[in-house]
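Here's the structure, in structure tokens; my notes come after.
Read the figures in this text as sums done on the coordinates, not as results from a lab. Computed from a predicted structure; not experimentally measured. Cβ atoms come from the backbone with ideal geometry, glycine included; neighbour counts cover every protein chain shown.
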Amino acid sequence: MGEPLLSRLIADGPPSLWEWIARNWDTGRVGSIKDLLGDHLVMSLVPIVAGLVLALPLGLASARWRWLYQPTAGVFNVVYALPSLPVFMLLISVTGLSKTTVIIPLTFYAIAVLLPAVVDGLGSVPDHVRQSAVAMGFTPLRRLVQVELPIAVPVVLAGLRVVAVSSISLVSVGALIGQGGLGMLFTRAYQNPFLPPVIVGIVLIVALALVADGLLVLAQRLLTPWVRARRAS
Amino acid sequence: MSWLSDFFGDPANWSGPDGIPARLLEHLEFSALALALAMLVAIPLGLLIGHTGRGGVIVVISANLARALPTLGLLVLFVLLLGTASILPVIIPLVLLAIPPILVNTFEGIRGVDPELRDAAYGMGLTGGQVLGRVLVPVALPLILLGLRLSAIQVVATTTVAAYTGLGGLGRFVIDGFATKDYASVVGGSVLIVLFALAVQLVFTLLQRTTVSPGVSRRVKVRQVASGRETT
């Protein structure tokens, strides 16, 4: 590595970011910014959705049979403590240098965050509400779908926001095995010392995370209209 | 499996500056340094903000932003800007990313203490500092320790990634092994990092068991006379 770029930056002024973006946005070749952005979206969205789909039944089961919760949560607590890079590396021998190698561990991290959220969310359903539903003749399934899950939405979505933001930023570590979406901009910038790709990568990833977070806040408003109604009255 | 025996069975991997003991020690050193520096900033700040109640919004925003920041990008950015003459450019992002979990949990812990408990402490004639040290911190300790544990997990992972930008530690086995297609080193190094992370997790779990007051962690039955409720 040559001289620190800071001194060159002071001498030459800020790099021409826009020019670099324009040149690399859509080159038609693999690895254009547009391409990487698409990869990044796939690799972060799949774990978020898969994590939710898997955490819901696990959470429901844990809330129904309490003895199941401690051991399941314990296992995922341990999984959550594992650094992503060695897990990617160990998975390579199973799934190869593919997007799946990044997607699987991120899905497990997502479940680790969402499982307690689902259980706490279901636990936040007041007992009198549940009993009212039973008294009104709701079948267990209808009670779950129409009463308990809607009430659990705020807690589950709070967990989902954490999952969405951290998945989007974690995907970039995959660049170290050649599957990092926008993270590839970081390794490229490091191998050939150049500032614009790093800045573009960081800004795009943070922007993606903020958009995802905003969408989930919006979803919460739409799914729980009673919260606002109560506040207004 | 033969990769594991290749890696751990090779005597060359057990000595010298790039042997397992040296790399393990480096990993521990860098992680501990970053965590200690982060604690030095985050705990006093979290106590202050939680105690005074001012600046809470900034804490929450900084925690969310830190979660969104890609670690690899931050590491590359600092190393490109400041060069690799010292380890400082790598330590700065490690510390920056370690601060928010401690800060937000310390803040939430202090803020979440039952106001009646706080008022009772003041009513008994304790000064502001005494209330903080003898009541608020012990009650908030589970959350403060949770923040430390999350931060430690984060630091161990980031230190691993930082090997890419030239930092030593266990990540070297993985990064260098991957670059030279030495898969015994990749797999062996990965297993070592996983074990290291699990050990860190275990240490913090034990710390929580031993330092949190039995009354706070509800390991003993407390009869709440005033409300007539019994909590176990």
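Details
- Of all the numbered requirements in (1) away from chain B (no Cβ under 14 Å); (2) more than 26 Å from A:GLY59 (Cβ to Cβ); (3) within 20 Å of the chain's Cα centre (by Cα), A:ILE177 misses one, and that requirement is (1).
- Matching residues, segment B:79-98, being under 17 Å from A:SER169 (Cα atoms) and among the hydrophobic types (A, V, I, L, M, F, W, C): B:LEU94, B:LEU96, B:LEU97, B:ALA98
- A:LEU122 meets the stated requirement of being over 21 Å from the mean Cα position of the chain (by Cα) and in contact (Cβ under 8 Å) with a residue 40 or more places away in the chain.
- Among the conditions (1) surrounded by fewer than 17 Cβ atoms within 10 Å (Cβ to Cβ); (2) at positive phi, the only one that A:GLY181 does not satisfy is (1).
- Only listed residue being within 10 Å of chain A (Cβ to nearest Cβ) and either touching a strand residue (DSSP E or B) at 6+ places or on another chain (Cβ under 9 Å) or not acidic (Asp, Glu) (or both), chosen from B:THR159, B:THR180: B:THR159
- Among the candidates B:ARG23, B:ARG67, B:ARG54, residue that is basic (Lys, Arg) and farther than 29 Å from B:VAL216 by Cβ: B:ARG23
- Beta carbons closer than 6 Å, at least 6 apart along the sequence or on distinct chains, pair a first residue in segment A:207-223 that is away from every other protein chain (no Cβ under 11 Å) with a second that is in a helix (DSSP H, G or I) and not hydroxyl-bearing (Ser, Thr, Tyr) for A:LEU216/A:LEU157; A:LEU216/A:LEU160; A:LEU216/A:ARG161; A:GLN220/A:LEU157; A:LEU223/A:VAL153.
- The single condition among (1) outside any helix (DSSP H, G or I); (2) closer than 23 Å to B:PRO17 by Cβ that B:LEU126 does not meet is (2).
- Assessment of segment A:133-155 against the conditions (buried (at least 19 other Cβ atoms within 10 Å of the Cβ) and within 14 Å of chain B (Cβ to nearest Cβ)) yields no matching residue.
- Filter pass, B:ILE91 being within 14 Å of chain A (Cβ to nearest Cβ) and among the aliphatic types (A, V, I, L, M): no
- Within segment A:108-145, being of a type outside the set (Phe, Trp, Tyr), assigned to a helix (DSSP H, G or I) and over 18 Å from A:LEU60 (Cβ atoms) holds for A:HIS128, A:GLN131, A:SER132, A:ALA135.
- Set side by side, the residues B:ALA85, B:ALA34 differ, and just one is outside any helix (DSSP H, G or I), within 30 Å of A:PRO193 (Cβ to Cβ) and among the hydrophobic types (A, V, I, L, M, F, W, C), which is B:ALA85.
- Here B:GLY166 meets the list (1) more than 9 Å from chain A (Cβ to nearest Cβ); (2) small (Gly, Ala, Ser); (3) surrounded by fewer than 24 Cβ atoms within 10 Å (Cβ to Cβ) almost entirely, failing just condition (1).
- Failed condition for A:ILE168, given (1) closer than 30 Å to A:PRO86 by Cα; (2) more than 8 Å from chain B (Cβ to nearest Cβ): (2)
- Screening A:ALA152 with (1) closer than 30 Å to B:GLY188 by Cβ; (2) free of Cβ contacts under 8 Å to residues at least 60 places away in the same chain; (3) in a helix (DSSP H, G or I); (4) under 21 Å from the mean Cα position of the chain (by Cα) gives one miss only, at (1).
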